[in-house]
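Down below is the structure, laid out as structure tokens.
The values are calculated or read from the model by the stated rules, or taken from the named source; none is laboratory data. Keep in mind it's a predicted model, so treat the numbers as computed, not measured. Using ideal geometry, Cβ is built from the backbone for each residue, glycine included, and neighbour counts are taken over all protein chains shown. Ligands, DNA and RNA are excluded from the accessible area calculation, which covers all protein heavy atoms including side chains. Shrake-Rupley method; radii C 1.70, N 1.55, O 1.52, S 1.80 Å.
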Amino acid sequence: MSPIKILLAIFLLNLYSSLAYKDYKNYKIYDIMAENVEQLEMLQEIVKLRKNFDFLHVAKQPNSLSKVLIPPNLEQDLCIVLHRYALNYTLLVEDVAEVINKEREENSPESPPTYPLNVFERYYRHEEINENMEYLAKLYPSRVFVKTFGWTYEHRPLKIISITNGDGRKNKNIIFIDAAMHAREWITPSMALFIMNELSVNYQTHEKLLQDFDWIIMPMVNADGYEYSHEENRYWRKTRRPSDLSLDCYGTDPNRNFGYQWGLTEGASADPCDDTYFGEKAFSEPETQVVRDIMISYADRMKWYLSLHSYGNYILLPYGHTDDLPENYFDMMDVADAGALAIIMSTNNIYTYGNTYSVMYPTSGDSADYAIGFLNIPIAMAIEMPAGGFSGFDPPVRQIEDIVEETWIGIRAMAEVVVDKY
Ligand code: 0X9
Ligand code: ZN
């Protein structure tokens, strides 16, 4: 090819990628402080009324920060509203496009990856993570197994990896971990990758955790959304199936789409344009059907279900739809206690834990409620991993190692309690 043609090709490629990517030029991120309960209520009112303000995070307690992502044309509007309610705010990011471009650069590989993936090197893509699972299964054929359990709306294969100690004993208890139910929570598939590598490669170090338990890991529930958050819209949360009810809005919140107490409007939304849209019916999404099917297939052996989310340092126990406590709440608290304690002892980081409805906010149709409420899995929870970057959802690559290693300390400590209890 002539140099002119090469230049033209590069130009067109750049043009294409800048056109394809949602342009956050001059979008801002503001932190908002609600100092007391009244201010918190006002803020929640704003969240409800002003759906064109994109709240990335809404504080659950007074004296903690909320975050809003705002296009340049709505900035003035936002400031007027915040003034009116006397809410203090600070401009955190002047131009979100710059932050995102930097992140994209950090995540553009210079060469194809080597397997098993080095989790701390960058955020990997769905295909690479699948490839990692296949690689481990090939390398350790007597201990590690991969299965495709279903497909996303856009036909991406949804795989699980089962890790055993290779003693061939069937019907052991199961620990089931899923990740990336929410697309933008990139640190969670990294966590899942770390766990699968650690338990496969260093299985001798984790003898006790694998003696009577097999681990099943689904590193990416919402693969379509995750890929979309890499390719087009960094802050995408939901799945990607177009809504049956609206021409303009896509996707359902998978963590509001499970069939237990599904469809309550306290804790989820009936509006297909909202980030917590619960879907047209319970399990309307192929991705939640797959998680459901995994849970059902192993329900009698599954003792712990852990859903990885970010962010905010929470261990969230059922229920989300009520502050009534499930029967085995205190068993779950024993597990959460151990996780939070192990983390604070090692890094001083504080986790808040307890009933989701009370310590965070109401959620209905979430996966942990389904695991406990419908399938009687004894220990079910979501963990909100630590925040990073300006939005909270984008820890820079150099922070992956610290976050993942710290979280592993907590997960391991919780697994030890589960293994002792069952
Ligand atoms: O709202 C959610 O779905 C979770 N928070 S997030 O910021 N990652 O979106 C909390 C879910 C708590 N639910 C469970 N108990 N599973
Ligand atoms: Zn989440």
Problem - Unit Cα scatterers, Debye sum, the stretch 64-111: log10 I(q)/I(0) for q = 0.20, 0.31 Å⁻¹ - result: -0.77, -1.22
Handout entry: Cα-based Rg / Dmax (Å) for the stretch 308-386
Key = 12.0, 36
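Roughly to the nearest percent, how much of the accessible area of the chain is carbon and sulfur, given a 1.4 Å probe? Present the calculation step by step, with values, prior to reporting the outcome.
Values: 9540 of 18390 Å².
Carbon and sulfur together cover 52 percent of it.
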Problem - Estimated translational D of the stretch 197-324 in µm²/s (Stokes, Kirkwood radius over Cα pairs; 37 °C; 0.692 mPa s) - result: 197
Fill in the blank from the handout: residue 120 and residue 91 label points (each 7 Å along its Cα→Cβ direction) are spaced in nm at 3.7
Problem - By average C-beta atoms within 10 angstrom, highest first, the peptides 332-338, 106-112, 184-190 - result: 184-190, 332-338, 106-112
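Rolling a 1.4 angstrom probe over the protein heavy atoms, how many square angstrom per residue are accessible across the stretch 264-363? Each step should come with its number before you reach the end.
On the way: 3890 Å² over 100 residues.
Ligands and nucleic acids excluded, the figure is 39 Å² per residue.
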Problem - Kirkwood Rh, angstrom, the stretch 259-368 [1 / mean 1/r, Cα pairs] - result: 15.4
Fill in the blank from the handout: Regression test value, accessible area per residue of the stretch 125-214, probe 1.4 Å, units Å², expected 40
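Full-extension gain between residue 420 and residue 361, please, as 0.36 nm times their residue separation minus the C-alpha to C-alpha distance. Spell out each step's value before the answer.
Values: separation 59, 0.36 × 59 = 21.24 nm, distance 3.09 nm.
Extra length from residue 420 to residue 361 when fully extended: 18.2 nm.
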Completion exercise
When the charge dipole of the stretch 82-196 is computed with +1 on Lys and Arg Cβ and -1 on Asp and Glu Cβ about the Cα centre, the Cα farthest towards its positive end, among 140, 126, 114, belongs to 140
Fill in the blank from the handout: Phi-derived 3J(HN,Hα) across the stretch 355-370 with the Karplus relation (6.51, -1.76, 1.60, θ = phi - 60°), rounded Hz, x for Gly and Pro, is 4, 3, 4, 8, 8, 10, 7, x, 9, 10, x, 8, 5, 6, 4, 5
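Starting from the Cα-Cα distance between residue 73 and residue 329, subtract it from 0.36 nm times their residue separation and give me the gain in nm to one decimal. Can you show the working numbers first?
Numbers: separation 256, 0.36 × 256 = 92.16 nm, distance 4.70 nm.
Stretched fully, the residue 73-residue 329 segment lengthens by 87.5 nm.
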Handout entry: Cα-Cα over 30 Å, subset of 147/238; 51/147; 48/281; 67/208; 22/51; 208/238
Key = 51/147; 67/208; 208/238
Practice task
Calculate the dipole size of the stretch 286-406 relative to its Cα centre from +1 charges on Lys and Arg beta carbons and -1 charges on Asp and Glu beta carbons; express the result in debye to the nearest 20.
Solution key: 120
Handout entry: Intensity falloff of the stretch 347-422 expressed as log10 I(q)/I(0), Debye formula with alpha-carbon point scatterers, at q = 0.16, 0.20, 0.25 Å⁻¹
Key = -0.79, -1.10, -1.24
Practice task
Using amide H atoms built 1.01 Å from N in the peptide plane, name the residues 5+ places from residue 380, or on other chains, whose amide H lies under 5 Å from its own.
Solution key: 305
Problem - Radius 11 Å from Cβ of residue 245, net charge of other residues (Lys, Arg +1; Asp, Glu -1) - result: -4
Handout entry: Computed label-point distance, nm, for sites residue 38 and residue 111 using a 7 Å Cα→Cβ extension
Key = 6.3
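Quick one: if the Förster radius is 25 Å, what FRET efficiency do residue 127 and residue 405 give, using the C-beta to C-beta distance and rounding to 0.05?
Working: r = 26 Å, r/R0 = 1.02.
Calculated transfer efficiency: 0.45.
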Handout entry: Nearest-10 value in Å² for the accessible area of residue 390, using the 1.4 Å probe
Key = 100
Fill in the blank from the handout: On the formula 1/(1 + (r/R0)^6), with r taken between the Cβ atoms of residue 204 and residue 64 and R0 of 35 Å, the FRET efficiency rounded to 0.05 is 0.25
Practice task
Over the stretch 199-303, calculate the relative contact order: mean separation of alpha carbon pairs under 8 Å at least 6 apart, over the residue count, as a percent.
Solution key: 19
Problem - Protection-proxy order for peptides 136-142, 308-314, each taking the mean of Cβ atoms within 10 Å per residue, highest first - result: 308-314, 136-142
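Convex hull over the alpha-carbon atoms of the stretch 40-193: what's its volume per residue in Å³? Before the final figure, lay out each step's value.
On the way: hull volume 28.7 nm³, N = 154.
Dividing the Cα hull volume of the stretch 40-193 by its residue count gives 186 Å³.
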Completion exercise
Taking the convex hull of the alpha-carbon atoms of the stretch 150-205 and averaging its shadow over every direction gives an area in square nanometres of 5.2
Completion exercise
Both in Å, the radius of gyration and Dmax of the C-alpha trace of the stretch 42-130 are 18.5, 55
Completion exercise
Taking placed amide H atoms and a strict 5 Å upper bound, the residues 5 or more places from residue 151 or on another chain that come that close are 158
Practice task
Show 240, 234, 301 ordered by accessible area, largest first, where the area counts protein heavy atoms only and the probe is 1.4 Å.
Solution key: 301, 240, 234
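Whole number please: convex hull volume per residue, Cα atoms of the stretch 106-228, in Å³.
Per-residue hull volume (Cα only) is 105 Å³.
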Exercise for the section: Tell me, for the chain, which Cys residues have no other cysteine's C-beta sitting closer than 4.7 Å. Expected result: 79
Fill in the blank from the handout: log10 I(q)/I(0) for the chain, Debye formula on C-alpha points only (no solvent), q = 0.11, 0.14 Å⁻¹, two decimals, reads -0.83, -1.37
Fill in the blank from the handout: Simple spin-label estimate for residue 337/residue 102, 7 Å along Cα→Cβ, in nm, reads 4.3
Problem - Phi-based couplings in Hz for the stretch 280-291 (Karplus 6.51, -1.76, 1.60; Gly and Pro marked x) - result: 6, 7, 4, 6, 6, 9, x, 5, 6, 4, 5, 4
Exercise for the section: For the stretch 378-422, count all C-alpha to C-alpha pairs, find those more than 15 Å apart, and express that count as a whole percent of the total. Expected result: 53
Completion exercise
Packing-ranked peptide list from 80-91, 405-416, 172-183, highest mean Cβ count within 10 angstrom first, is 172-183, 405-416, 80-91
Exercise for the section: Report the relative contact order of the chain, percent, no decimals, based on alpha-carbon pairs under 8 angstrom and at least 6 residues apart. Expected result: 15
